[in-house]
Amino acid sequence: MKGKALTVLLAATVVLFVAGREPARGRPSANDGPAPGTAIVKGIAKFEGSRPAPTHINMNADPSCAKLHPGGLASEDVVAAPDGGLQNVVVFVSEGLGDRTFDPPPQPVTMEQKGCVYAPHVVTLRANQELDIVNNDATTHNIHPVPSNNREWNKAQAPGTRVDATFAREEIAIPLKCNIHPWMRSYIAVFKHPFFAVTDKAGNFELKNLPPGDYTIEAWHEKLGKSTQKISVAPGGTKELEFVFKSAAGH
């Protein structure tokens, strides 16, 4: 992970899109099927200013990993498109759902260890939803989540095997590391509701099926911090939200 400290200024402007969808499961952005009267909050996260140079990952400690990346590999802590779209930002409802409860979806979420990196870099799931971690490499890995609101555990994982896990409580976000390969780091975000998404390569996100009401929407990034915005959504409308992350060097 890149250790360079960033002074962060976060600017957020809001415009919202509302349409109907069924109650979301897992990652709402992957779900479809409209449900009348519910909202979609969609938008983009951007990075502006002087971008930090990516950290070069040295895998020479394990030749089986190094040979998979002969040209080297860059860290994923700050990944922005040429137009500024910021990847790997977790956007979610942090307040406003009251005492509503949601059952965890039956289907698991999968994270791969492939090429001696975690994929995806940020994985999102529901509390008590199964997480399947698959080792697709020819080398042994180690899975070590370091939560503050869930149980910490540490397991070795042989090539070609799978480890299943669940997290009982909401937590954004749990660092995940491999003690064997110190460059392998990722994050697990756990939610008690289905209204969350991770920005794609262009910085886009979408939260579906949100009931009408007043909410706080939060955007979280592992290096650039977080920003919150209070919004109101009405049935059958359209609104869009934009988060702009800036470093001090970008002023």
> Which entries of Lys42/Lys177; Lys192/Lys223; Lys201/Lys246; Lys208/Lys246; Lys201/Lys223; Lys223/Lys246 show an alpha-carbon separation above 20 angstrom in the structure shown?
Replying inline: Lys42/Lys177; Lys192/Lys223; Lys208/Lys246
> Quick one: which of 44-53, 216-225 comes out on top by average Cβ neighbours within 10 Å, and what's the full order, highest first?
Replying inline: 216-225, 44-53
> Which of the residue pairs Lys46/Lys239; Lys114/Lys226; Lys67/Lys114 have a Cα-Cα distance greater than 20 Å in the structure shown?
Replying inline: Lys114/Lys226
> Quick one: if you stick a label point 7 Å off each Cα along the C-beta vector at Ala119 and Glu48, how many nm between them?
Replying inline: 3.4
> Each label point is 7 Å from the Cα along the Cα-to-Cβ direction; what then is the distance between the points at Thr216 and Thr161, in nm?
Replying inline: 4.2
> Can you sort Leu241, Leu210 by how many other beta carbons sit within 10 Å, fewest first?
Replying inline: Leu241, Leu210
> Relative to a virtual label point 7 Å from the Cα of Ala66 in the Cα→beta-carbon direction, which members of region 162-185 show backbone nitrogen distances below 18 Å?
Replying inline: 180-184
>> Let me make sure I get this right: for region 103-192, a, b and c are the square roots of the gyration tensor eigenvalues over alpha carbons, sorted descending. Under 1.5 in a/c it's rounded, otherwise prolate if a/b > b/c, else oblate. Which is it?
In response: prolate
> So between Trp153 and Glu242, what do we pick up on full extension, going 0.36 nm a residue minus the alpha carbon distance?
Replying inline: 28.4 nm
> What is the order of His141, His121, His69, fewest Cβ neighbours within 10 Å to most?
Replying inline: His69, His121, His141
>> Assuming 0.36 nm per residue, please report the length gained on full extension of the stretch Lys192 to Thr228 beyond their Cα-Cα distance.
In response: 11.1 nm
>> Sort Leu125, Leu73, Leu68 by Cβ crowding within 10 Å, fewest neighbours at the top.
In response: Leu68, Leu73, Leu125
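Each reported figure results from applying straightforward, stated rules to the coordinates on display, with no laboratory input. Since this is a predicted model, take the numbers as computed values, not measurements. Neighbour counts are summed over all protein chains in view; Cβ atoms, including those assigned to glycine, are modelled from backbone coordinates with ideal geometry.
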